[in-house]
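First up is the structure itself, then whatever we jot down about it.
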Amino acid sequence: MNKVLYAICVLLVVACAAKHKENVLLALVDNRAHADTTLVFQGITIGAPYDSAKVEAMMSAMPMTLVYNNQKYAFKRFSAEATRSGVCTDKYEVVGVATDYLSDFDFFGLVRLYMESYGEPSYFTLGTKHLTTIGTYHIGTLDEVSQKPFQAQDAINMIMEDHDDSHEFLFVWEWKNQSIYLRHTRKLSIASFTTITYWNTGADARKAEEAKKKSEEAAKKAEEQKFLDDTKASQQI
């Protein structure tokens, strides 16, 4: 009997520990999503007035090298955009760098470099190089199978177990107004492709876009159902 009670107590402790960790991760992500920030990348302040001379100087100074655990990451291309949704804002809306080749394991190091500065990411997305989303996994939410909170290491494990060369992987750190994207595509033409981009949009813009899309889908579904109902009501057989 004592052994049974002990086993139950152990299970309760494990469940509580998992729940506590979930709350900590969810709180981290939620607090960040409700906080404004000002991101700076290579001396460029995201959302600041666009300076074409500075952008040209950055392009001329490439490649740019980052270092993590004595591993060098050389990025060959730099880009900066001053448009959002096709409208020029005269501000830095998207700033980033890209490299033509990075292995999965090197990409993991890049993810950990950013985790050292910003903590766990907000979410992870698995997709294809044709920008089709297969699944989005929010950090801190309970996994239905393991009943443990999803975290960056789980995403890394998924990548290690995934052998589809057409897949791409995205880690996002998201604040209320700005975001950081780390994207890794295994094959684009004949080479893999890895980018780091800083965006002048964040959780507010993403949630607004998702709500708009959901509303449009609901309206379309209602319209289709109305057509079916009207057709059924008027049919003569």
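The values are calculated or read from the model by the stated rules, or taken from the named source; none is laboratory data. Since this is a predicted model, take the numbers as computed values, not measurements. When we count neighbours, we look across all protein chains shown, and the Cβ atoms used for this are built from the backbone with ideal geometry, even at glycine. These accessible areas exclude ligands, DNA and RNA; they are computed on the full protein's heavy atoms, side chains included. Shrake-Rupley method; radii C 1.70, N 1.55, O 1.52, S 1.80 Å.
Brief remarks on what is shown
- The chain: most fluctuating residue of 72, 187, 213 per GNM, C-alpha cutoff 10 Å: 213
- Which of 132, 195 is most accessible, then next, and so on - probe 1.4 Å: 132, 195
- Our helix-only sum for the chain, with -39,500 (n - 2.57) per DSSP H run of n ≥ 4 divided by its residues, gives a mean residue ellipticity at 222 nm of -14000 deg cm²/dmol.
- Accessible area, probe 1.4 Å, largest first, for residues 99, 89: 89, 99
- Look at the alpha carbon pairs under 8 Å that are at least 6 residues apart: their mean separation over the length of region 86-174 gives a relative contact order of 31 percent.
- Cut-off under 5 Å, modelled amide H: who pairs with residue 83 long-range: 89, 93, 94
- Equivalent ellipsoid dimensions for region 97-159 as semi-axes, Å, which come from the Cα gyration tensor, largest first: 21, 16, 10
- Per residue accessible area in Å² of the chain, where ligands, DNA and RNA are left out and the probe is 1.4 Å: 62 Å²
- Across all C-alpha atoms in region 93-212, the radius of gyration and Dmax reach 14.1, 39 Å.
- Counting every pair of alpha carbons in region 31-132, the share spaced more than 16 Å apart comes to 69 percent.
- Charge context of residue 230, other residues only, Cβ under 14 angstrom, K/R +1, D/E -1: -1
- Per-residue surface analysis assigns residue 133 an accessible area of about 90 Å², computed on protein heavy atoms at 1.4 Å probe radius.
- Gaussian network model of the chain, springs between alpha carbon atoms under 10 Å - residue of 76, 148, 54 with greatest fluctuation: 54
- Listed residues 216, 224, 120, most fluctuating in the chain (Gaussian network, C-alpha, under 10 Å): 224
- Accessible area of region 34-173 belonging to carbon and sulfur atoms, whole % at 1.4 Å probe: 50 percent
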